[in-house]
Amino acid sequence: MQDPLSIIHSAVGGDEPFYRLVEEFYKGVEDDKILRPMYPEDLEAPKERLALFLIQRMGGATTYSDQRGHPRMRARHLKFPIGLKERDAWLLNMGRALDCVSEFQPHRQVLEEFFTEFATFMINRPG
Ligand code: HEM
C-alpha cells in the first residue's frame, strides 16, 4: 500500500505551502507559555528545519537528510522535556497552523493522524 503521506507534497503544489504552515505554527509557538521557553530565541533555523523535514516526509526533496543526516527524531528531542502537556500544546499549534493553509485541508485526516502519532512518540517524560 502506498504511504498516504508521500503524495502530499505534490498534491499541495510543492514546497511553498509547507513554509506557510511552519510560519503559522511558529507564530503560535511565539505566544505559547509552555513551548516558547523550549525553543531558541531566533526561530528562523527551527522554521527551516521543520519545513524541510515535513517536505521530505511528504514526498518532496530529501534536503533535510542531506543537511542533517538520519532524522533520529526521538533522539533529537530527548534534550527537551516532553510530557503530555507539551505534546498537546504542540498539536494544538499545529492544528491551528493547518487551519490557516487551505492546501492541506483535503489531507487533514491523514496529517492529524501522523502528527498525533509522531508527537506521542516524542514523549520522553511522565506527566
Ligand atoms: C511533542 C511535542 C514536541 C515538542 C515540545 C517539540 C520541540 C522541539 C524543539 C524545542 C526543537 C528544537 C528547535 C530546533 O532547533 O529546530 C525541535 C526540533 C524539531 N522538531 Fe520538534 N517537538 C515536538 C514534536 C515534534 C513533531 C511531532 C515533529 C514532526 C512531525 C517535530 C519535528 C521537529 C524537527 C524536524 C526538529 C528539528 C530537528 C533537527 O534537525 O535538529 N517535532 N522540536
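How many residues does the range 46-58 contain that are surrounded by fewer than 16 Cβ atoms within 10 Å (Cβ to Cβ) and more than 6 Å from the ligand (Cβ to nearest atom)?
1
Looking only at the range 100-113, filter to residues that are touching a residue at least 60 places away in the same chain (Cβ under 8 Å) and outside any loop (DSSP other than H, G, I, E, B); which one of those is nearest to residue 37 (Cα to Cα)?
Among those that are touching a residue at least 60 places away in the same chain (Cβ under 8 Å) and outside any loop (DSSP other than H, G, I, E, B), it is 100.
Inspect all residues belonging to the range 70-92 and state whether any of them is in contact with a Gly (Cβ under 6 Å, 6 or more places away or on another chain) and modelled with pLDDT of 95 or more.
Step one: of the range 70-92, the residues in contact with a Gly (Cβ under 6 Å, 6 or more places away or on another chain) are 83.
In the following step, the residues that additionally are modelled with pLDDT of 95 or more were identified as 83.
Yes, the conditions are met somewhere in the range 70-92.
Which numbered condition in (1) assigned to a helix (DSSP H, G or I); (2) within 19 Å of residue 93 (Cα to Cα); (3) out of contact with any helix residue (DSSP H, G or I) (no Cβ under 9 Å at 6 or more places or on another chain) is the only one that residue 41 fails?
(1)
The rows are residues; the columns are (1) surrounded by fewer than 15 Cβ atoms within 10 Å (Cβ to Cβ); (2) under 21 Å from residue 107 (Cα atoms); (3) not charged (D, E, K, R).
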residue	(1), (2), (3)
31	yes, no, no
72	yes, no, no
78	yes, no, yes
97	no, yes, yes
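Mind counting the residues in the range 70-93 that are more than 7 Å from the ligand (Cβ to nearest atom), among the charged types (D, E, K, R) and part of a helix (DSSP H, G or I)?
Residues in the range 70-93 being more than 7 Å from the ligand (Cβ to nearest atom), among the charged types (D, E, K, R) and part of a helix (DSSP H, G or I): 3 in total.
What number of residues in the range 19-45 are touching a residue at least 40 places away in the same chain (Cβ under 8 Å) and either among the polar types (S, T, N, Q) or within 14 Å of the ligand (Cβ to nearest atom) (or both)?
9
Please verify whether residue 125 is more than 9 Å from the ligand (Cβ to nearest atom) and either outside any helix (DSSP H, G or I) or touching a helix residue (DSSP H, G or I) at 6+ places or on another chain (Cβ under 6 Å) (or both), treating the condition exactly as stated.
Yes.
Residues being in a helix (DSSP H, G or I), surrounded by fewer than 15 Cβ atoms within 10 Å (Cβ to Cβ) and more than 10 Å from the ligand (Cβ to nearest atom): count how many of those fall in the range 59-69.
Narrowing the range 59-69 to residues in a helix (DSSP H, G or I): 63-68.
Now narrow it down to the ones that are surrounded by fewer than 15 Cβ atoms within 10 Å (Cβ to Cβ): 65-68.
Narrowing further to those that are more than 10 Å from the ligand (Cβ to nearest atom): 66.
Of the residues in that region, 1 qualify.
The values are calculated or read from the model by the stated rules, or taken from the named source; none is laboratory data. Predicted model, so just to flag it, every value in this text is computed and none were measured. We place every Cβ from the backbone using ideal geometry, glycine too, and count neighbours over all the protein chains shown.
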